[in-house]
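Handing you this structure, nothing more for now.
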Protein chains: 2
Amino acid sequence: MMDFLDRRVVHAGGFVFKEGDSGDQAFIIQAGAVELLKGETVFAELSANTIFGEMALIDGAPRMATARAKTETTLIVIPRSVVDGKLKGVDPFVTKLLGILVQNVRSMAAKLG
Amino acid sequence: MMDFLDRRVVHAGGFVFKEGDSGDQAFIIQAGAVELLKGETVFAELSANTIFGEMALIDGAPRMATARAKTETTLIVIPRSVVDGKLKGVDPFVTKLLGILVQNVRSMAAKLG
């Protein structure tokens, strides 16, 4: 499914997105590494094949963290339309579950931040 | 969808489940209040209409926290079979997303605990 999706290359130290941004894309790391920060504090380091940024596509809330490339990084860009397509026709119980889990991550992140 | 599901009544101070238990049920609070604890520390208080305990049904991992009734509480019991049924036929991308979100909640909870 990934072949038709855009790639984005971010140089070391470059930002994928910043805390508080609105978001309409998720990303899969094809090569490289990405750090997640709250303020100046790195709280996660993500490596190849990791997806991130997906929560904004589920609940529409602003980015809860900043994502910064640690090394030159190639990202597969997943636009909102792809996720919306996947969620179309899914049982409401499942979309509810997704929403709850996103809420849980956000409220926990708020306690870490 | 809720009418055919079992109820469980837990007295004030009673445990719904304990950290480390294996889990094959999720719960919706119909009436009452539930506290979530890591060790002796309460990190969340849940009120009516909140679902909890759903993560074990998604990833099969042990309970990451203890759930204790704060007041007499009536729970709607969601067995694994109901969730499995809802997830059957769902696009693998969506089940992957669920798994990732559960992982994120667990790794953040580990940092809080």
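Between segment A:5-36 and segment A:40-82, what is the separation of their alpha carbon centroids in Å?
Their Cα centres are 5 Å away from one another.
Net charge near residue B:68, counting Lys/Arg +1 and Asp/Glu -1 over other residues with Cβ under 15 Å of its Cβ?
Numbers: positive: B:8, B:18, B:38, B:63, B:70; negative: B:19, B:21, B:35, B:40, B:45, B:72.
Within the 15 Å Cβ shell, the charges total -1.
Kindly give the distances from residue A:59 to its copy-mates, label point to label point, with each label point 7 Å from Cα along Cα→Cβ, as nm values to one decimal ordered shortest first.
Those separations, rounded to one decimal, come out as 1.7 nm.
Can you give the accessible area buried between chains B and A, summed over both chains, with a 1.4 Å probe, in Å² to the nearest 100? Display every interim value, and only then the final one.
Numbers: alone 6720 and 6730 Å², together 10990 Å².
So the buried area, both faces added, is about 2500 Å².
Evaluate the Kirkwood expression for the hydrodynamic radius of chain B, namely the inverse of the mean inverse distance over all pairs of different C-alpha atoms, and round to one decimal in Å.
On the way: mean 1/r = 0.0687 Å⁻¹.
Every distinct Cα pair counted, the radius reaches 14.6 Å.
Please pull out the direction-averaged projected area of segment B:1-53, using the convex hull of its alpha-carbon atoms, in nm² to one decimal place.
Averaged projected hull area, Cα only: 4.1 nm².
Would you mind getting the accessible area per residue of the protein assembly as shown, heavy atoms of the protein chains only, 1.4 Å probe, in Å²? Please report the intermediate quantities before stating the final value.
On the way: 10990 Å² over 226 residues.
Ligands and nucleic acids excluded, the figure is 49 Å² per residue.
Expressed as a whole percentage, what fraction of the accessible surface of chain A belongs to carbon and sulfur atoms when a 1.4 Å probe is rolled over the protein heavy atoms? Please report the intermediate quantities before stating the final value.
Numbers: 2790 of 5500 Å².
For chain A, the apolar C and S fraction of the accessible surface comes to 51 percent.
Could you check which residue among A:21, A:59, A:91 shows the biggest mean-square fluctuation in a GNM of chain A with a 10 Å Cα cutoff?
It is A:91.
Which entries of A:70/B:111; A:96/B:18; A:38/B:38; A:18/B:86; B:18/B:111; A:70/B:88 show an alpha-carbon separation above 28 angstrom in the structure shown? Kindly include the intermediate steps, with their values, before the conclusion.
Values: A:70/B:111 22 Å; A:96/B:18 25 Å; A:38/B:38 23 Å; A:18/B:86 35 Å; B:18/B:111 19 Å; A:70/B:88 38 Å.
Beyond 28 Å between Cα atoms: A:18/B:86; A:70/B:88.
Now for a separate question. Using 18 Å as the cut-off for backbone N distance, which residues of segment B:76-95 belong to the label zone defined by a point 7 Å from the Cα of residue B:5 along Cα→Cβ?
Under cut-off, by backbone N: B:76-88.
Would you mind classifying segment B:22-88 by shape? Square roots of the alpha carbon gyration tensor eigenvalues, ordered a ≥ b ≥ c; an a/c under 1.5 is rounded, otherwise it is prolate if a/b is larger than b/c and oblate if not.
Values: a/c = 2.72, a/b = 1.38, b/c = 1.97.
Because a/c hits 1.5 or more and a/b fails to exceed b/c, segment B:22-88 counts as oblate.
Starting from segment B:1-107, pick out the chymotrypsin sites (Phe, Trp or Tyr not before Pro) whose DSSP state is loop and whose Cβ has at most 12 other Cβ atoms within 10 Å. Write out the running numbers ahead of the final one.
Details: sites: B:4, B:15, B:17, B:27, B:43, B:52, B:93; in loops: B:4.
In loop regions of segment B:1-107 (DSSP not H, G, I, E or B), the sparsely surrounded chymotrypsin sites (Phe, Trp or Tyr not before Pro) are B:4.
What share of Cα pairs, in percent, lie more than 26 angstrom apart in the protein assembly as shown?
Numbers: 10393 of 25425 pairs.
Within the protein assembly as shown, distances greater than 26 Å cover 41 percent of Cα pairs.
In segment A:41-55, which residues become less accessible by 20 Å² or more once every protein chain is in place, relative to the chain on its own, using a 1.4 Å probe?
A:43, A:51, A:54
The values are calculated or read from the model by the stated rules, or taken from the named source; none is laboratory data. Predicted, not measured: the structure shown is a model, and the values here were computed from it. Heads up, the Cβs are rebuilt from the backbone with ideal geometry, glycines too, and the neighbour counts pull from every protein chain shown. The area values use the complete protein model at the heavy-atom level, side chains included, leaving out ligands, DNA and RNA. Shrake-Rupley method; radii C 1.70, N 1.55, O 1.52, S 1.80 Å.
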